[in-house]
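Report on one structure; see the data block that follows.
Please treat every number below as a calculation from the coordinates, not as lab data. Quantities reported herein were computed from a predicted structural model and do not represent experimental measurements. We place every Cβ from the backbone using ideal geometry, glycine too, and count neighbours over all the protein chains shown.
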Amino acid sequence: MKLDLVGGAGKHLFTGYGEGYVTINHQRYDRSLVVWSDRVEDWRVSTFEALTRADFEPLARLGAEIVLLGTGRRLRFPHPSLTESLARAHVGLEVMDLFAACRTYNILASEGRAVAAALLLE
């Protein structure tokens, strides 16, 4: 699916997605990643089942007010013990499928919100 950019100058926004990939500012990615308004970084998580506490700790230090966790094609919730670093840092966590996370990220980023998306591309 193609997404249109609105007010995206200087920001990383999703411009499309499909089976096993996302595009950010028209650049295609096919691996798990963390997206923030000014950067895109690899997220060294290969599967939902492989998630650990250590995978969420760096997300708590991003300075985001909310992290969107895109869990792939289907919605899956991590155990709360894995995400407690986010709660301690007063960072909200919203869990959704990958495509919903892309759309929600664009809306929040376009509003100027401090949002990050952690996406599992399995």
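Give the residue that is surrounded by the most Cβ atoms within 10 Å (Cβ to Cβ), with candidates limited to residues of the stretch 10-41 that are more than 11 Å from L121 (Cβ to Cβ) and of a type in the set (D, E).
E41
Yes/no matrix, rows are residues, columns are (1) of a type outside the set (G, A, S); (2) under 16 Å from the mean Cα position of the chain (by Cα); (3) more than 20 Å from Y29 (Cα to Cα); (4) part of a strand (DSSP E or B):
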{"position": "D55", "(1), (2), (3), (4)": "yes, yes, no, no"}
{"position": "L59", "(1), (2), (3), (4)": "yes, yes, no, no"}
{"position": "V67", "(1), (2), (3), (4)": "yes, yes, no, yes"}
{"position": "G72", "(1), (2), (3), (4)": "no, yes, no, no"}
{"position": "F77", "(1), (2), (3), (4)": "yes, yes, yes, no"}
{"position": "S85", "(1), (2), (3), (4)": "no, no, yes, no"}
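Within the bounds of the stretch 64-76, is there any residue that is loosely packed, with under 15 Cβ neighbours inside 10 Å, in contact (Cβ under 8 Å) with a residue 40 or more places away in the chain and over 20 Å from A109 (Cα atoms)?
The answer is yes, given that some residue of the stretch 64-76 is loosely packed, with under 15 Cβ neighbours inside 10 Å, in contact (Cβ under 8 Å) with a residue 40 or more places away in the chain and over 20 Å from A109 (Cα atoms).
For V45, state whether it is under 23 Å from Y21 (Cβ atoms) and crowded, with 19+ Cβ neighbours inside 10 Å.
Considered against the rule, which asks whether it is under 23 Å from Y21 (Cβ atoms) and crowded, with 19+ Cβ neighbours inside 10 Å, V45 comes out as yes.
Within the stretch 90-115, how many residues are among the acidic types (D, E), touching a strand residue (DSSP E or B) at 6+ places or on another chain (Cβ under 9 Å) and either within 17 Å of D38 (Cα to Cα) or in a strand (DSSP E or B) (or both)?
1
Take the stretch 25-41 and flag every residue that is more than 16 Å from L13 (Cα to Cα) and without any contact (Cβ under 8 Å) to a residue 40 or more places away in the chain.
Once the filter is applied, which keeps residues that are more than 16 Å from L13 (Cα to Cα) and without any contact (Cβ under 8 Å) to a residue 40 or more places away in the chain, the stretch 25-41 yields nothing.
Sort through A87, A118 and tell me the only one that's in contact with a strand residue (DSSP E or B) (Cβ under 9 Å, 6 or more places away or on another chain), surrounded by fewer than 20 Cβ atoms within 10 Å (Cβ to Cβ) and not basic (K, R).
A87
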